[in-house]
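Chemist: Please read through the structure below; I'll follow up with questions.
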Amino acid sequence: MLGTGEIARGMQGALGLLKRDPAAPSYFDNTREACVRSFQVMILVAPLHAALMLIRYAGVTAMADDLEIVLVEALRYVVEWTLFPVLFYEIARRRNWLGLYPRYIAALNWVNLPAMIVAVIGVVVAIVMPPLPGELIRVGLQALFFYWFLVTARIVLGVTWPIAGLLLIVNWVPSLFLSLIVDRYLGV
């Protein structure tokens, strides 16, 4: 399990990436072990993700029963955490970025922790706001997360903005399709 020092270091690195600190990648070891270990962040983020799912499903109707929703959403959660690292491995292999792969994936995994904290706070604030400001908060959150992904790719991989944008598309589009499939399956 992750220790408090490791969590603090990961959070500091993730926030450093958001601030475009060129030293931020040094917070993430560039080893296979560190990369694999960073997937434990998934456990830390799970309660926050569950809170967001409770908020989401409180405002919609679904054809599926509660147990089916929990099981399908849990499966989607795991797939979303692992989908981009699998896709990016092939990209990294073809672009000769395998030497940066562990650090990049670890950085993205660690970014999820502060990003999810911000997401929960932002969604709660958006709910209590009138519709227009609430929607602006949601759009602002999405823009923040896209930006965080882009600067992480730029700083850790040393790529240009267009390449970072392509990586964002490779990350976001499959997740979008997965969400559409899950929503259709659950009858949301």
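Chemist: Return yes when Leu87 is touching a helix residue (DSSP H, G or I) at 6+ places or on another chain (Cβ under 8 Å), within 17 Å of Ser175 (Cα to Cα), open to solvent by 60 Å² or more (accessible area, probe 1.4 Å) and touching a residue at least 12 places away in the same chain (Cβ under 8 Å) and no when it is not. Let's see the steps before the verdict.
Modeler: Working: touching a helix residue (DSSP H, G or I) at 6+ places or on another chain (Cβ under 8 Å): yes; within 17 Å of Ser175 (Cα to Cα): yes; open to solvent by 60 Å² or more (accessible area, probe 1.4 Å): yes; touching a residue at least 12 places away in the same chain (Cβ under 8 Å): yes.
Considered against the rule, which asks whether it is touching a helix residue (DSSP H, G or I) at 6+ places or on another chain (Cβ under 8 Å), within 17 Å of Ser175 (Cα to Cα), open to solvent by 60 Å² or more (accessible area, probe 1.4 Å) and touching a residue at least 12 places away in the same chain (Cβ under 8 Å), Leu87 comes out as yes.
Chemist: Given the criteria open to solvent by 50 Å² or more (accessible area, probe 1.4 Å), in a helix (DSSP H, G or I), in contact with a helix residue (DSSP H, G or I) (Cβ under 9 Å, 6 or more places away or on another chain) and free of Cβ contacts under 8 Å to residues at least 60 places away in the same chain, does Val70 qualify?
Modeler: So Val70 passes the test.
Chemist: Report, by residue number, each residue of region 132-188 that is over 22 Å from Phe88 (Cα atoms) and of a type in the set (Lys, Arg).
Modeler: Matches in region 132-188: Arg138, Arg184.
Chemist: While we're on this one: If we scan region 178-187, do we find a residue that is closer than 30 Å to Asn30 by Cα and either in contact (Cβ under 8 Å) with a residue 12 or more places away in the chain or in a helix (DSSP H, G or I) (or both)?
Modeler: Yes, region 178-187 contains a residue that is closer than 30 Å to Asn30 by Cα and either in contact (Cβ under 8 Å) with a residue 12 or more places away in the chain or in a helix (DSSP H, G or I) (or both).
Chemist: If you scan region 53-66, which residues turn out to be exposed (fewer than 15 other Cβ atoms within 10 Å of the Cβ) and either within 21 Å of Asn112 (Cα to Cα) or at pLDDT 95 or above (or both)?
Modeler: Across region 53-66, the qualifying residues are Leu54, Ile55, Arg56.
Chemist: Going through Val123, Val151 one at a time, which residue ends up being under 22 Å from Arg9 (Cα atoms) and in contact with a Lys or Arg (Cβ under 8 Å, 6 or more places away or on another chain)?
Modeler: When all the criteria are applied, what remains is Val151.
Chemist: Another question about this same structure. Could you go through region 95-102 and let me know if any residue there is surrounded by fewer than 18 Cβ atoms within 10 Å (Cβ to Cβ) and in a helix (DSSP H, G or I).
Modeler: Yes: one or more hits.
Chemist: Can you tell me which condition Phe146 does not meet? The list is (1) more than 22 Å from Val118 (Cα to Cα); (2) modelled with pLDDT of 95 or more; (3) assigned to a helix (DSSP H, G or I), and all the others hold.
Modeler: Result: Phe146 passes all but (1).
Chemist: Give region 17-41 a look and list any residue that's in a loop (DSSP other than H, G, I, E, B) and over 11 Å from Leu108 (Cα atoms), or say none.
Modeler: Lys19, Arg20, Asp21, Pro22, Ala23, Asp29, Asn30, Thr31, Gln40
Chemist: Moving on. Yes or no: Pro130 more than 28 Å from Arg9 (Cβ to Cβ) and either open to solvent by 70 Å² or more (accessible area, probe 1.4 Å) or more than 21 Å from the chain's Cα centre (by Cα) (or both)?
Modeler: Spelling it out, Pro130 is indeed more than 28 Å from Arg9 (Cβ to Cβ) and either open to solvent by 70 Å² or more (accessible area, probe 1.4 Å) or more than 21 Å from the chain's Cα centre (by Cα) (or both).
Chemist: Can I ask one more? What residue, among those in region 164-177 that are without any contact (Cβ under 8 Å) to a residue 40 or more places away in the chain and in contact with a Leu (Cβ under 8 Å, 6 or more places away or on another chain), is surrounded by the fewest Cβ atoms within 10 Å (Cβ to Cβ)?
Modeler: Gly165
Chemist: Moving on. Is it the case that Ile121 is surrounded by fewer than 15 Cβ atoms within 10 Å (Cβ to Cβ), modelled with pLDDT of 95 or more and assigned to a helix (DSSP H, G or I)?
Modeler: Taking the combined requirement at face value, the residue satisfies it.
The values are calculated or read from the model by the stated rules, or taken from the named source; none is laboratory data. None of these values were measured; they are calculated from a predicted model. Ideal geometry is used to build each Cβ from the backbone, glycine not excepted, and the neighbour counts take in all protein chains shown. Note: accessible area is taken over every heavy atom of the protein model, side chains too, but ligands, DNA and RNA are not part of it. Shrake-Rupley method; radii C 1.70, N 1.55, O 1.52, S 1.80 Å.
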